[in-house]
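Beneath this line is the structure, given in structure tokens, with notes to follow.
The values are calculated or read from the model by the stated rules, or taken from the named source; none is laboratory data. Owing to the predicted nature of the structure, the values given are computational and were not obtained by experimental measurement. No Cβ is skipped: glycine too gets one built from the backbone with ideal geometry, and neighbour counts run over all protein chains shown. Protein only, heavy atoms only, side chains kept; ligands, DNA and RNA dropped before computing areas. Shrake-Rupley method; radii C 1.70, N 1.55, O 1.52, S 1.80 Å.
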Amino acid sequence: MSSVNKIIKKCLGEMSFNTGGGAINWYPGHMAAATRAINSRLKLADLVIEVRDSRIPLSSANQDLQPRLSSKRRVIALNKKDLANPNIMHKWVDYFDSCKQDCLPINAHSRSSVQKLLELVELKLKEKIAKEPTLLVMVVGVPNVGKSALINCIHQIASSRFPVQEKKKRAKVGPLPGVTQDIAGFKIAQRPSIYVLDTPGVLVPTISDIETGLKLALAGSVKDSVVGEERIAQYLLAVLNTRQTPLHWRNVHNNTLKELQNETDNGSDYNIKHLLPKRRALPDASNVHYVEGVTKEVQCALYSTLSEFQGDLQDENELEILIEKQFEALQKALKISSRANEARMMVSKKFLTLFRAGKLGPFILDDVPNPVVTSKS
Ligand SMILES: Nc1nc2c(ncn2[C@@H]2O[C@H](COP(=O)(O)OP(=O)(O)OP(=O)(O)O)[C@@H](O)[C@H]2O)c(=O)[nH]1
């Protein structure tokens with residue numbers, strides 16, 4: 001068992017994880033009803049775009065839906081590719097290829113990226129296009145993977161393809177079991193008409209183990225309050241350290257030291273300006289510099305603590321000691337007063353925000369499984 005797994009067990013083990021909830025209740029009550037609703041809507045779809053988070057291509061799959069999804073025409077859109085490590089992304093594409101599963105890394109904020117996805121969707125529907133007058137495409141995915149962002153972008157593309165009066169066309173697809181209602185959708189192609197259903201619904205992910213839950217929390221698919229910011233931050237530090245990621249920030253650390261050195265050297269020159277009261281820079285003008293500055297400080301703090309660490313990263317007790325030191329270093333880097341109430345919580349929140357915004361670099365948290373080898377007979 002890896003030290004990350006051991007530390008997860010050590011810190012979270014007592015949280016008595018189980019599918020019924022335990023102290024961490026991963027499953028809000030409406031999950032079963034939502035899954036049933038989505039399942040019945042899926043019956044109507046000719047193709048499903050399953051949106052997953054590129055940083056967790058397997059952990060962001062909803063396991064309850066997989067049997068139904070894998071039996072349908074499906075395209076997996078690995079969204080937020082801008083936050084995922086491009087050097088590893090292609091291995092995921094190869095992996096899905098080996099499973100004979102169409103997949104496309106996308107950025108839902110980029111029109112050209114979504115356009116490529118639509119081209120793939122239309123290609124996949126090619127045979128059906130010849131036979132059916134109306135086709136339905138449904139977008140599904142666990143919370144926060146970017147379904148709305150994708151649907152908005154598809155809507156924009158559709159609006160530019162069709163005249164204004166066509167924009168809000170509704171797809172009448174008949175009643176759903178138990179509920180008489182139409183599903184609202186918008187048109188993305190003509191002859192035959194292809195509609196995208198804009199009713200992705202809410203779906204809570206199925207969480208098979210604690211690490212999957214922590215990855216989903218890190219990616220924002222499970223509310224922070226369900227797991228606790230400190231635990232998520234601790235997990236993130238465990239992952240970064242065991243992958244030795246902070247050691248890649250050596251240059252950031254050395255450059256910052258040089259800058260400090262220069263400031264001290266120049267500081268000895270007398271300048272009348274030094275006597276004037278310092279004006280604080282306007283936050284909006286220097287926001288970008290501020291975030292860059294904070295990111296550098298955080299990277300330096302993690303680099304220094306890891307490079308000075310003499311212990312064994314594979315030993316969960318030693319890893320835990322390192323993480324404790326890093327929390328202290330992060331508190332200084334983030335300039336959070338130790339007297340502040342809930343200082344650790346504040347450190348965790350800020351640290352997670354930097355990670356989620358991609359400021360600490362692109363990551364993929366899931367490990368790529370071995371490609372599926374199909375025997376030629
Ligand atoms: N960096 C990045 N952020 C994205 C991308 N797509 C969506 N987001 C952001 O991810 C967050 C969640 O996006 P939504 O579109 O609301 O996700 P959703 O799946 O509809 O979420 P639920 O409504 O909770 O199910 C938002 O802050 C988006 O701006 C992307 O490709 N890259």
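Ranked by the mean number of other Cβ atoms within 10 Å of their residues, highest first, the peptides 221-231, 91-101 come out as 221-231, 91-101. Along its principal axes, region 328-377 has C-alpha extents of 69, 18, 15 angstrom, given from the largest down. Taking the average, over residues, of other Cβ atoms within 10 Å as the packing measure, peptides 52-60, 73-81 rank 52-60, 73-81 from highest down. Accessible surface computed residue by residue for region 34-104, with neighbouring protein chains in place and a 1.4 Å probe, gives 39 Å² per residue.
The 3J(HN,Hα) values that the Karplus relation (6.51, -1.76, 1.60; θ = phi - 60°) gives for region 126-143 are, in residue order, 3, 4, 5, 4, 5, 9, 9, x, 9, 10, 10, 10, 10, 9, 10, x, 6, x Hz. Gly and Pro appear as x.
With respect to the cross-link table entries 258/359; 147/187; 6/215; 187/359, which display a Cα-Cα separation exceeding 26 Å? Beyond 26 Å: 187/359.
Taking 0.36 nm per residue of separation and subtracting the Cα-Cα distance, full extension of the segment from residue 339 to residue 148 would add 64.7 nm. Peptide packing: for 234-240, 63-69, the average count of neighbouring Cβ atoms within 10 Å per residue gives the ranking 234-240, 63-69, highest mean first.
Look at where the Cα atoms of region 62-97 and of region 330-367 average out, and the two centres are 28 Å apart.
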